[in-house]
Amino acid sequence: MHKQHVKGKMCRASAAVCGAVLAASSWAAETAQSAAPKINDPARGWDSLWHEVIVDITIIGILFAVVTAWFVFTSRRTAGNQTGASPKLSAASAVGWTVLPIFIFLSIDLYTAANGWVLWNHYRDVPADRLEVKLESGMYSWDYTYPNGVRTQNELIVPAGKPVMLRMTSRDTLHSHYIPDFRVKEDSMPGRVTYLWFHPTKPGEHLVTCAEYCGVMHSYMAGRVIVKSADEYAAWMKREETQLAAAGAPAAAETGAPVAKPAARPKKT
Amino acid sequence: MNLKEWIFTTDHKRVGILYLIGSLAAFAVAGIMALLMRAELSTIGPTITANPTNYNVWLYTHGAVMILGFQIPALTGFFANFCIPLMIGAKDVAFPRVNALSVWLFYVGVILALATFFIPDPPDIMWTGYPPYSTITTGNTAMYSFTVLILGFASIIGGVNFLTTVAYMRAPGITLNKLNIFVWCTLGAFVLQLIFVPVLGTAVSLISMDKYLGTNFFDPAKGGDVLTYQNLFWFYSHPAVYVIFLPFIGVVFEVISSHARSAVFNYKMVVYGGIGGIVLLAGEVWVHHLYVSGMADWLRIGQMVTTLMISIPVGLMMISLVGTLYKSSIAFTTPMLYALGVVFLFLIGGLTGIPLAVPSLTLAVSDTYYVVGHFHYVMAVAGTFAIFAGIYHWFPKFSGRMYNELWGKIGFWLTFIGSNVVFWTMMDIGVDGMPRRYYDYAHFPQFESAHQLMTAGAVVLGLGFAIAVLNWIIGAMKGPPAGDNPWGSPSLEWTTVSPPPHGNWPSPPSVADDWHPYSYRKG
Ligand code: HEM
Ligand SMILES: [Cu+2]
Ligand SMILES: [Cu+2]
């Protein structure tokens, strides 16, 4: 919404700055544009970019290792007083051996950066048609609040097919809401609001685990994302709503919303 | 040998050896912590302790002591002290007494760090000490702050000392372009220490003030901000990895060029492009440690580009190392094996860092064992191999005796195989989701066999390290005399007797016009 808007602007402003450098890869810009209308599932994008980068670094690594191994095995010392016989570099080739690698490395860097940036935008631009849930983390639980006031703990129940956005904060230490299956995490902190989103497509269960050291029981701080079919989700939500209503408005007013630290005014990230 | 003479020594070589002894002791303790952690992780659920805090304290100690008590002091304390004056033909450092002070402070720091085990509530805040946890834990955060402050201070006065020494005390004829790569690297590291340590000092002081004096720098409920600490911390601690990297790669340059009897390939490219490039970029990449911490989006994207660009100076240095091997004359001594091991480990570590420079990719792997595996390759183990290469390489010089070559090689192969088993496996399960800093992995039962493999690997690795250390102790006591220049190196430190006397040379050495620390053809 409005916060989202500011974020988009900031992102674009920074894009302009980096763009001067990154525009080198017009390919990136094209992908970003053609990507706008449909939902770009970041998890899919992650898998393919990760795969690509791993293949690239494997090739570079093998090339480098082979050359090194070749130099090493052809250079064994055969006589005690032998010294190396490598040619002396001329001034021109010394410069060449500096400038050429710089350009090669720089182009690999910028290519990787351009790809990473496109995927970054998918991770940060949340589709408008989404389910937005508030998350408050605490030692040691994940507490979710749905738009209609329904609350759950350690179980995030969502409908298949709809993007889910978490707006996160913490009531005590740092935590990080990590869903390995959806390739995403982001820290939750006291006094700040952060967000992440993911795109559950079919019913199933996914582990949520804490990825930021938060205290003694850090390694036990886990939960689940439970993806239900749209119908089952609607039915579940209906039950929860009825229960919430039965609990009664006065009760809700009395206990108040989930306990949040008072004066902590969230900052935008 | 007189103990008092050693404690009150101002001779740079002895100060260096004191640093060596202290840092190896720290290494042993931190290594035992690693083995305890690996033992705990060998099964799901409690294994050797039922209290997660014990694991967290071991992890804190392991991380903090390995970095602040072992690698930084071994590199900028031992190697810098022992080698720099000898390499530039000086009698000693510029301020020998300040030098003695720095090693005393280092011992105070190490003793403080090791006292962790004798106080009732040891720190359990990891070596990063992030608030709010570090300000609310029952663990002793002050201990952490003081350890860091004292070791940092020791390092700063060391830095001033060495910059002055290299600037003013070079022997006649040793121009800037004839400095050993190691000297340049160490200068780069000290420049970074002088600029960035004060920021770390600030950060760790402020958390203790928040915790004990009721200030609220990082408490949002009272107007503070938790992210500020992380920025301050990494504003130092990223450059800190170059404070480790630069001297260790400098050692590798010396070892490879000596044992391959080959001039460093493209010397000026290494000095100006490599070392210069790293010093320039070091302060502009810290946000890559905060990619999932909710930093502003534009900052995350901007620092993706600067972080990726680190590949340029580092790549130039790798090209030079490999170029040095071209048509060389390699003797496969123990130090050479360790140095070649560094090239291999660092290649893997460096390349696996490329995905970690990309914020969108780190959203899945940040804070997992992928990161732990990566930084052990690139810094922890590569750095340790380099330190071992250097100790073996200069062993004949500082002890006057020779180590045992066979045991040296056995130790090398054990550590080399062990490290790859442990840290490759870490990266593997990290990509599949295993988070770091976990006392238990009850909800990741699929990783149990991988964890057991790593525990076995760690035992092999630890055995290899222990063999190396024993090899030095025995060699220093009863190895055969080594001679002045067993490797046939033209570098200046090999022109004096082994071990060098106080003052290093009877009269200041002078060098020929065409001399260079890597001019092997004449040697
Ligand atoms: C000797 C073999 C080593 C083994 C088996 C080993 C093992 C480990 C293990 C199991 C962890 C903790 C994983 C976790 O729970 O997150 C760890 C963390 C760490 N290690 Fe090592 N390690 C070794 C050597 C080193 C060295 C030489 C360094 C030097 C810099 C080092 C620096 C670190 C750091 C900084 C951490 C992170 C601490 C933290 O999360 O706060 N390690 N290591
Ligand atoms: Cu946690
Ligand atoms: Cu870093």
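Quick rundown of the values:
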quantity: Spacing of the two label points (7 Å from each Cα toward its C-beta) at A:Arg151 and A:Lys202, in nm; calculated: 3.6
quantity: Percent accessible area from carbon and sulfur atoms, segment B:332-474, protein chains only, probe 1.4 Å; calculated: 74
quantity: Residues with amide H under 5 Å from that of A:Glu186, placed H, sequence gap 5 or more; calculated: A:His177
quantity: Sulfur and carbon atoms: percent of accessible area, segment A:131-251 [1.4 Å]; calculated: 54
quantity: Per principal axis, descending, Cα span of segment B:9-485 in whole Å; calculated: 62, 45, 44
quantity: Peptides ranked, highest mean first, by Cβ atoms within 10 Å: ranges B:60-69, B:447-456; calculated: B:60-69, B:447-456
quantity: For segment A:209-225, Karplus couplings with θ = phi - 60° (6.51, -1.76, 1.60), whole Hz, Gly/Pro x; calculated: 9, 8, 10, 10, 3, 10, x, 3, 9, 3, 6, 9, 7, 10, x, 9, 9
quantity: Principal semi-axes in Å for segment B:44-140 [√(5λ), Cα gyration tensor, largest first]; calculated: 36, 14, 11
quantity: Total accessible area lost when A and B pair, probe 1.4 Å, Å² to nearest 100; calculated: 7400
quantity: Chain B: DSSP helices with Cα axial extent of at least 30 Å and average Kyte-Doolittle hydropathy no lower than -1.0; calculated: B:12-40, B:141-168, B:181-212, B:226-259, B:334-357, B:405-431, B:448-478
quantity: DSSP beta bridges in segment A:131-251 [antiparallel fraction, %, rounded to 5]; calculated: 70
quantity: Shielding of A:74-84 by partner chains, average beta-carbon count, 10 Å; calculated: 6
quantity: Largest-first ordering by accessible area, 1.4 Å probe, given options B:Ser320, B:Ser507; calculated: B:Ser507, B:Ser320
quantity: Among B:430-443, B:479-492, the order from most to least packed when residues are scored by Cβ within 10 Å on average; calculated: B:430-443, B:479-492
quantity: Percent of beta bridges antiparallel (DSSP, the protein assembly as shown, rounded to nearest 5); calculated: 65
quantity: Burial ranking of peptide ranges A:64-71, B:12-19 (average Cβ count within 10 Å, highest at the top); calculated: B:12-19, A:64-71
quantity: Test item: A:113-120 mean partner chain Cβ contacts at 10 Å; calculated: 6
quantity: Rounded accessible area per residue of segment B:9-485, 1.4 Å, Å²; calculated: 29
quantity: 10 Å Cβ neighbours from other chains, averaged over peptide B:288-299; calculated: 6
quantity: Theoretical ellipticity at 222 nm over chain B - DSSP helices of four or more residues, -39500 (n - 2.57) apiece, nearest 500; calculated: -20500 deg cm²/dmol
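The values are calculated or read from the model by the stated rules, or taken from the named source; none is laboratory data. Remember, predicted model here, so these are calculated numbers, not experimental data. Reconstructed Cβ throughout: ideal geometry from the backbone, glycine too, with neighbour counts over all protein chains shown. To get the accessible areas, we keep the full protein, side chains included, count just its heavy atoms, and leave off ligands, DNA and RNA. Shrake-Rupley method; radii C 1.70, N 1.55, O 1.52, S 1.80 Å.
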